[in-house]
Amino acid sequence: MCLAIPAKVINIVEHSAEVDLMGNSRQVNIDLVADILKPGDYVLVHAGFALERLDESTAQETLALLEEVAAKGEY
Amino acid sequence: MSIKGKAEELLAGIRQLSGEPFKIMEVCGSHTVAIAKSGIRELLPESVQLVSGPGCPVCVTDNSDIDRFLSLAQTPGVIVATFGDMLRVPGSKTSLQAVRAEGADVRVVYSTLDALEISRQNPDKEVVFLGVGFETTIPTVAVSVEIAEREHLSNYSILSMHKLVPPVLELLVTDPEVGLDGFINPGHVCSVLGTAPFEFIAGKYQKPSVVAGFEALDILEAIWMLLRQRQEKRAAVEIQYSRVVKPEGSPKAAEYISRYFEPVDAVWRGIGRVPQSGLRLKAQYRLFDAEMKFDLPKPKSVNTPGCLCGEILKGRRHPFNCRLFGKACTPLQPVGPCMVSSEGSCAAYYRYSQRRGMSAV
């Protein structure tokens, strides 16, 4: 139940952000994030909420790993 | 390096450090799924043992709590909003799915934001969100109360059955029957809390623990890091999942928990009462507290004969030790909660041992 995945911020309007979540567009609430977010930032998403801002390099590392796992079916 | 190459390198490192028996608990249900799915347990040297912990929020919800929300779902004018995992969990007599078939209004939601939307669209009904989850999910429930307050959504409330991970770990670390040597700490709970609430494992009990990610390689690396701590005769909380978890966690999310909730004793299914391991809404938010709004019954905990869920949640027994596993108890006809949630130990072992053609029972 505690799973969370990185997503890229596309747009921000007040309390929510449109994010790219593994290729899908979703609206997530951003009230739990202390940093001021801007388009292009990466966030960790759980149950419709951004939990924290991630460094771009670490987010890319996670996404690359997820994609490699998905592509090779090695798991 | 490929995933396979890296895995082989980590396994070689683990074999090199294995030696004397070493028993590790993976606390989180998502780790249990990753371990069952990848077959890590079968790849480890015999002396390194992995046991599953109580980290599936659905599984540890006591059937007395389930009976309470079932009675809520059967109350006229009430819409119950819940994460899908709760639907088939058996209480002492029935389940949400069964009462829904009989006409109760039960809606599956992905987020508390969806539950708020149901409240906005049904002003003549009471909407209750079933608050089940650990520190990763709790801040999202706290924000929903903040939004309900801001928008004066007086028909929205939550039933808080939330649980806290550190207090139950303290119980398990001292359980002589389990005899744990190290812990794989829950990655996303730590992304909120940081590592400070887990320091006691090393500081008070001198046992190593590692915060791990959820891919097979993350778990192998965490096991290797735990064995390395033993080799170097030290105990600390280390972070393997540094691409997501910061030592300080996410202070704003953690602050939301303490702003809206206060700790209370809570009953964990199969484990019993654990001091200060649950949460209730603070008194100033009682308008959004289903406990205050509704006259809920106080049913007693009932044990299901033959079901080993409680022992499995404490790491004392393995799903394959249960006589009901795969026979009377399957994901389609679950007897205990560990078989219901996809993150339950029994469900994970049922699904992946079948797929690999292993003899599950």
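The values are calculated or read from the model by the stated rules, or taken from the named source; none is laboratory data. Quantities reported herein were computed from a predicted structural model and do not represent experimental measurements. Methodologically, a virtual Cβ is constructed for each residue, glycine included, from the backbone with ideal geometry; neighbour enumeration extends over all protein chains shown.
Structure notes:
- Residue count, segment B:187-215 (criterion: among the acidic types (Asp, Glu) and either within 14 Å of another protein chain (Cβ to nearest Cβ) or touching a Pro at 6+ places or on another chain (Cβ under 7 Å) (or both)): 1
- Looking across segment B:74-110, the residues that are of a type in the set (Gly, Ala, Ser) and surrounded by 21 or more Cβ atoms within 10 Å (Cβ to Cβ) come down to B:ALA81, B:GLY91.
- In segment B:219-264, residue nearest to the other protein chains (Cβ to nearest Cβ) [restricted to those that are in contact (Cβ under 8 Å) with a residue 40 or more places away in the chain and of a type in the set (D, E, K, R)]: B:LYS246
- Residues that are within 28 Å of B:PRO54 (Cβ to Cβ) and not β-branched (Val, Ile, Thr) number at least 3 in the following strands (runs of 3 or more DSSP E) confined to segment A:1-66: A:49-54.
- With respect to the conditions (1) within 11 Å of chain A (Cβ to nearest Cβ); (2) surrounded by fewer than 23 Cβ atoms within 10 Å (Cβ to Cβ), B:SER144 lacks only one, and its number is (2).
- Leading residue by the ranking (nearest to B:GLY91 (Cα to Cα)) among those in segment B:37-66 that are assigned to a helix (DSSP H, G or I) and within 11 Å of chain A (Cβ to nearest Cβ): B:LYS37
- The lone exception for B:ARG15 - which of (1) closer than 15 Å to B:GLU221 by Cβ; (2) at pLDDT 90 or above; (3) out of contact with any Pro (no Cβ under 7 Å at 6 or more places or on another chain) it fails: (3)
- Just one of the listed residues (B:LEU164, B:LEU226, B:LEU169, B:LEU180) is more than 26 Å from B:GLY310 (Cα to Cα) and crowded, with 22+ Cβ neighbours inside 10 Å, namely B:LEU226.
- Restricting segment B:237-248 to residues that are in contact with a strand residue (DSSP E or B) (Cβ under 9 Å, 6 or more places away or on another chain) and surrounded by fewer than 16 Cβ atoms within 10 Å (Cβ to Cβ), the residue that is modelled with the highest pLDDT: B:PRO247
- The set of residues in segment B:10-36 that are within 14 Å of chain A (Cβ to nearest Cβ) and of a type in the set (Val, Ile, Thr) comprises B:VAL27, B:THR32, B:VAL33, B:ILE35.
- Matching residues, segment A:27-36, being more than 9 Å from chain B (Cβ to nearest Cβ) and modelled with pLDDT of 95 or more: A:ILE30
- Within segment B:258-268, considering residues that are out of contact with any Pro (no Cβ under 6 Å at 6 or more places or on another chain) and not aromatic (Phe, Trp, Tyr), the one surrounded by the most Cβ atoms within 10 Å (Cβ to Cβ): B:ALA266
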